[in-house]
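Single-structure report; data block below.
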């Protein structure tokens, strides 16, 4: 009897090839909807579930009588009910390094787009204003400017390396869990207070996991601390931010500008859609990890570990202990 895997969302044939070559049958969800997932899981009864950013809830796990594992094609785990999986002795695996470079590159892109007011210039040019360049204000070069990192994990360090060595920027960071030794020689200045980052950086980029201790921890008080022309970047999770306060800060000039790839909720709420019309905001639709290389890396890592779950082999990237 073959093992079975259920995809909540199909991203790459690479994973399918890995499963097929290991005698694992594949079924793809017919829609991106939890109720559809539950119905199809009850009917299909897979041994493993593979997801990207789609939810894997307690109800979805309970719909399966013999679920052995859940795999995330990426690093952030806030879409999976890890506690419930652990209680049910369901192994969760992920791909923590597969998309790190892609996300870091995207952060560099957002930083540069914000510095050169790409959104405003692009809109003006498309309207026929070629000479927007003659009266362009508040565009800056990033060389010599300070990037502040809130959180200094894998992606943040890659981002820092790119802007230090490639763009000549200074980088400061607050992360109480990171030591100088863990920086691997990168000239990142670790600060003892998070307020030092908010107050002193020209660009503030948040790199935290979404969990109860970090959820909704950034809002108006933090934006008020920022320098008058500082830019806020977020390629981590939208749920870290009190988004209504950010929108209001952008509208009123408390926050000079922002460059965002993630939101809360996703897609954008009606209130947050106001940012679509703001010239001081760069928006991308949660695409930081969406490169060919990233998808292949994440799918390969995740699929291999899910095969290992099925066959009881050692795991490369386990999340929970069961």
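The values are calculated or read from the model by the stated rules, or taken from the named source; none is laboratory data. Worth saying up front: this structure is predicted, and the values here are computed from it rather than measured. Cβ placement follows ideal geometry from the backbone for every residue including glycine, while neighbour counts extend to all protein chains displayed.
Scoring residue 28 on the criteria (1) under 20 Å from residue 83 (Cβ atoms); (2) at pLDDT 95 or above; (3) within 25 Å of the chain's Cα centre (by Cα) leaves a single failure, condition (1).
For the criterion of being closer than 30 Å to residue 97 by Cα, outside the structural domain of residue 20 (by TED's automatic domain parsing) and modelled with pLDDT of 95 or more, residue 273 fails. I'd like to verify a number: residues in region 138-195 that are touching a residue at least 40 places away in the same chain (Cβ under 8 Å), on the phi > 0 side of the Ramachandran plot and surrounded by fewer than 18 Cβ atoms within 10 Å (Cβ to Cβ), how many? Result for region 138-195: 1.
If we keep just the residues of region 132-158 that are in a loop (DSSP other than H, G, I, E, B) and modelled with pLDDT under 95, which is farthest from residue 182 (Cα to Cα)? The qualifying residue farthest from residue 182 (Cα to Cα) is 136. Every listed requirement among (1) surrounded by fewer than 20 Cβ atoms within 10 Å (Cβ to Cβ); (2) within 18 Å of the chain's Cα centre (by Cα) is met by residue 121 save one, (2). Of all residues in region 243-300, those satisfying the criterion of being in a helix (DSSP H, G or I) and surrounded by fewer than 18 Cβ atoms within 10 Å (Cβ to Cβ) are 244, 248, 251, 252, 273, 274, 276, 277, 292, 293, 296.
All of (1) in contact (Cβ under 8 Å) with a residue 12 or more places away in the chain; (2) out of contact with any strand residue (DSSP E or B) (no Cβ under 8 Å at 6 or more places or on another chain) hold for residue 241 with one exception: (2). Flag: residue 75 matches the condition of being under 30 Å from residue 160 (Cα atoms), buried (at least 20 other Cβ atoms within 10 Å of the Cβ) and at pLDDT below 95. Here the helices (runs of 4 or more DSSP H) wholly within region 31-123 that include at least 2 residues being free of Cβ contacts under 8 Å to residues at least 24 places away in the same chain and outside the structural domain of residue 163 (by TED's automatic domain parsing) are 34-44, 82-87. Residue count for region 17-30, restricted to those that are free of Cβ contacts under 8 Å to residues at least 24 places away in the same chain and either out of contact with any strand residue (DSSP E or B) (no Cβ under 8 Å at 6 or more places or on another chain) or not in a loop (DSSP other than H, G, I, E, B) (or both): 8.
Evaluating residue 205 against the criteria (1) crowded, with 22+ Cβ neighbours inside 10 Å; (2) under 27 Å from residue 7 (Cα atoms) leaves one unmet condition, (2).
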